[in-house]
Amino acid sequence: MSLIHIQDLSKHFKILNRRQGLGGAFRDLFSGDYRTVRAVDGIALDIQPGEIVGYIGPNGAGKSTTIKMMTGILKPTAGTITVNGQVPYANRIRQAQIMGVVFGQRTQLWWDLPVIESFKILKEIYRVDQATFDRHMEVFEKLVGLKELYSQQVRTLSLGQRMLCDISASFLHNPQVVFLDEPTIGLDVSIKAKIRSVVSELNRVRGTTIILTTHDLGDVEALCRRIIILDKGKILFDGPTKKVTSLFGAYRTLKLQIDDFDDTTLSSLREKLAGRFGRDHGVTVASIEELWTDVTIDQARTPLSDVLNFIMKTFPVFDVRIVEISMEKVVQQVYEGALG
Amino acid sequence: MRTLARYLRLYFIIEAQYIKARMQYRADFLVSSIGMFFSSLATLAVFWILFNSINDLAGWTFMEMVFIYAFYMIAISPMQILFDHFWQLRFHIRQGTFLKYYFRPLNMMFYYMSEMFDLKGLTQLLVGIGLLIYASTQLEISWTAARVILLLVTLFSAALVQVAVVLIATCAAFWVVDSWPVLGLAWKLREFAPYPMSIFDGAFRFTFTYIIPIGFVAFYPSQLFLRPEQVSPLVYASPLIGIALFALMYWIWTQGVNSYTGTGS
């Protein structure tokens, strides 16, 4: 049986159309002018026990709304949802007992208390017996090296250490499912790797189902065999991560700052690239941020070094960054039929 | 009953740790306690100055005023000590940090309020108890067992009224972006509580009795001990008023908690 079963699930919000200015704000008080936002719009999915699923999509895609419905703090507008055979919103407290939640940027531990005291309080809250507690603390010690941090106040931990503590804490009561929301945000590469290995170990050892929301495709690639891409409240793709990474792993974006950038630079760059590499070259040009020109390259078709060399010779570039493809770009490509 | 015992146990575990952590900042604890001590006495100084030029306030003597004030200080202490986290609610709500309170298998108000235990409020409680003993000795109130029970019951219900009034105002944060005016008003109004309601004009007295019933925080219940012969029947209903207000407050809190997640992204 699926651990999480979702069928035709929707959540619509009524939002007041606000007017501008003080007069508008006053008229809003008596306004009945609502529009409906379909945050989640008829999704269906099943998650099996023990899976790690990457749940991704751009901001406003409906990820948090779905998670809030799975965790029982939001009631769906329509459709069915069951977690562990139960309707989550019917009993928030019962639901909380079988799940763990971690937010990337905010700790759920007690800010002023030493780490070990937070764990002891959680032991009481979730009614974890002493033997289980000791066993789990040993696992965390082996994976994370938690003992070293026991006496430190949570507020004095580094972001990475805190994240490791938060993740460990979310597994303490042996939950059926753990929701990890942006667990590696703002962390450097070595800590990211550590967190990924800890999460994958905990999943392996405990068999806990993990639902991971992230903007970092690297997290998904390292942890999840399955990926669900969401946009505008609908599921765009639900399938093996391999399929997505084999496609997008090849993409890199060159971010360029070009001297004397003006209205004609972008089109002239496009033309010259097309002239040099041909029309169907897997190179696209866009300018999303001010000052930066983005050149996205499909390395399977055109080597990045060739494009970079060509641009450096042709344009007065004074700064270059190479970044992995962004989530927004992936979604855009999926729309354009990349996974079709 | 088992739930209650579990929550009590949890509360002691959390607060013991919290107090231990606060005690590491000894200077902070000392300065805030001393500050609380003097601000508790400030209102008393106002009475003292006032009674240098007048003999009574709407028929109430200086020592009776001290008694009412002492009752008031004890009655507001539970809010100060146990519910002090209410100040932060509007920030948690605006910044989205309130979300974490949904994810534990606990009553949310309990979990939220347990994160703060205001030690300096203990100073206020002790000053209040000291003043109450002093004033009742001076006024020669005889403390029979029945009176002591009555005192405890009325203090409890007065504390409920105080908590309810302030928390209802706090809950405005669930619906209003800048809820400070509402909370500020409720906070300011409680300063009228230790005065005889009879000094207020009709409209104010009506408000403080029936609409924002801060009269029930100190003045009305104090009458049971100071002028039992003058007490209006409504005062005997004060435990019911306290419980009803607290229930109303909890209902509003629940509505707020339910509506809050509805608007998040």
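Bear in mind these aren't lab numbers, they're just calculated from the coordinates by the rules spelled out. From a predicted model like this one, the values you see are computed outputs, not experimental measurements. Backbone-built Cβ (ideal geometry, glycine too); neighbour counts: all protein chains shown.
Please find the FRET efficiency linking residue A:131 to residue A:48, where r is the Cβ-Cβ separation and R0 is fixed at 22 Å, and quote it to the nearest 0.05.
On the way: r = 29 Å, r/R0 = 1.31.
Taking R0 as 22 Å, the efficiency between residue A:131 and residue A:48 is 0.15.
Suppose we keep just the alpha-carbon trace of segment B:128-175; what are its Rg and Dmax in angstrom?
In order Rg, Dmax, the Cα atoms of segment B:128-175 give 15.7, 50 Å.
Under the rule of -39500 (n - 2.57) per DSSP H run of 4 or more residues, summed and divided by the residues of chain A, what mean residue ellipticity at 222 nm is obtained, to the nearest 500 deg cm²/dmol?
-11500 deg cm²/dmol
Let me check I have the definition right: for chain A, take the eigenvalues of the Cα gyration tensor, multiply each by 5, take square roots. What are those semi-axes in whole Å, largest first?
Equivalent ellipsoid semi-axes, largest first: 40, 28, 21 Å.
Stick to Cα atoms and the Kirkwood definition of Rh, then tell me Rg/Rh for segment A:60-123.
Answer for segment A:60-123: 1.06.
Starting from 0 in steps of 5 Å, tell me what percent of the Cα-Cα pairs of segment B:194-265 lands in each bin.
P(r) over segment B:194-265, rounded to whole percents: 3, 14, 20, 19, 14, 9, 7, 6, 4, 2, 1, 0.
Given chain B reduced to its alpha-carbon atoms as identical point scatterers, what log10 I(q)/I(0) does the Debye formula return at q = 0.11, 0.13 Å⁻¹?
-0.68, -0.93
For segment A:191-325, take N as its residue count and report Rg(C-alpha) divided by 2.2 N^0.38 Å.
Working it through for segment A:191-325, the quotient is 1.31.
Please average, across the residues of B:100-109, the number of beta carbons from any other chain that are within 10 Å of each residue's own beta carbon, and give a whole number.
6
Could you state the orientation-averaged shadow area of the convex hull built on the Cα atoms of segment A:289-340, in nm² to one decimal?
For segment A:289-340, averaging the hull's shadow over all directions gives 4.6 nm².
What percentage of all Cα-Cα pairs in segment A:1-76 are separated by more than 15 Å?
Result: 66 percent of Cα pairs exceed 15 Å.
Any chance you could run the full-extension gain for residue A:299 through residue A:31? It's 0.36 nm times the residue separation minus the Cα-Cα distance, nm to one decimal.
Values: separation 268, 0.36 × 268 = 96.48 nm, distance 5.33 nm.
Between residue A:299 and residue A:31, full extension yields 91.1 nm more.
Under 17 Å from a label point 7 Å along Cα→Cβ of residue B:138: give me every residue in segment B:180-198 with its amide N that close.
B:194-196
Count the DSSP beta bridges whose two residues both fall in the protein assembly as shown, then state the antiparallel fraction as a percent rounded to the nearest 5.
Bridges in the protein assembly as shown that DSSP calls antiparallel: roughly 70 percent.
Residue by residue through segment B:81-90, which ³J(HN,Hα) values in whole Hz follow from phi under the Karplus form 6.51 cos²θ - 1.76 cosθ + 1.60 (θ = phi - 60°), with glycine and proline marked x?
7, 9, 10, 5, 5, 4, 4, 8, 4, 5
Within 10 Å of each Cβ in peptide B:195-208, how many partner chain Cβ atoms are there on average? Round it to a whole number, please.
0
Counting pairwise Cα distances across the protein assembly as shown, what percent come out greater than 42 angstrom? Intermediate results must be reported in sequence, preceding the final value.
Working: 75128 of 182710 pairs.
Tail of the P(r) past 42 Å holds 41 percent of the pairs.
Give or take rounding to whole Å, what are the principal axis extents of the alpha carbon atoms in segment A:250-324, in descending order?
Each principal axis gives a Cα extent; for segment A:250-324 these are 31, 25, 20 Å.
Sorted by average packing, counted as other Cβ atoms within 10 angstrom per residue and highest first, what order do A:24-36, A:134-146 take?
Going by the mean number of other Cβ atoms within 10 Å, highest first, we get A:134-146, A:24-36.
Just to confirm the filter: which trypsin sites (Lys or Arg not before Pro) across segment A:245-340 are DSSP coil and have at most 11 other Cβ within 10 angstrom of their Cβ?
Loop-located and lightly packed - A:279.
Quick check: the distance between the Cα centres of segment B:41-58 and segment A:4-25, to the nearest angstrom?
Their Cα centres are 55 Å away from one another.
Given 4 °C and 1.567 mPa s, how large is the Stokes-Einstein diffusion coefficient of segment A:47-246 in µm²/s, with Rh as the Kirkwood radius over Cα pairs?
The Stokes-Einstein estimate is 75 µm²/s.
Using 7 Å Cα-to-Cβ label points, what is the residue A:242/residue B:7 separation (nm, one decimal)?
Result: 5.3 nm between the two label points.
Can you work out ³J(HN,Hα) from phi for every residue in segment A:89-104, in order, using Karplus 6.51 cos²θ - 1.76 cosθ + 1.60 and θ = phi - 60°, giving whole Hz and x for Gly and Pro?
These are the phi-based 3J(HN,Hα) values: 6, 5, 7, 4, 5, 4, 4, 4, 5, 9, 9, x, 10, 10, 9, x Hz.
Let me know the mean shielding of A:92-102 by other chains, meaning the per-residue number of their Cβ atoms within 10 Å of its Cβ.
Taking the mean over all residues of the peptide, I get 3.
Using bins 10 angstrom wide from zero, how does P(r) for segment B:140-257 break down, in % of all Cα pairs?
In order of increasing distance, the bins hold 14, 41, 30, 12, 3, 0 percent.
Given C-alpha coordinates of segment A:1-141, what is the ratio Rg to Rh with the Kirkwood estimate of Rh?
Rounded to two decimals, Rg/Rh equals 1.09.
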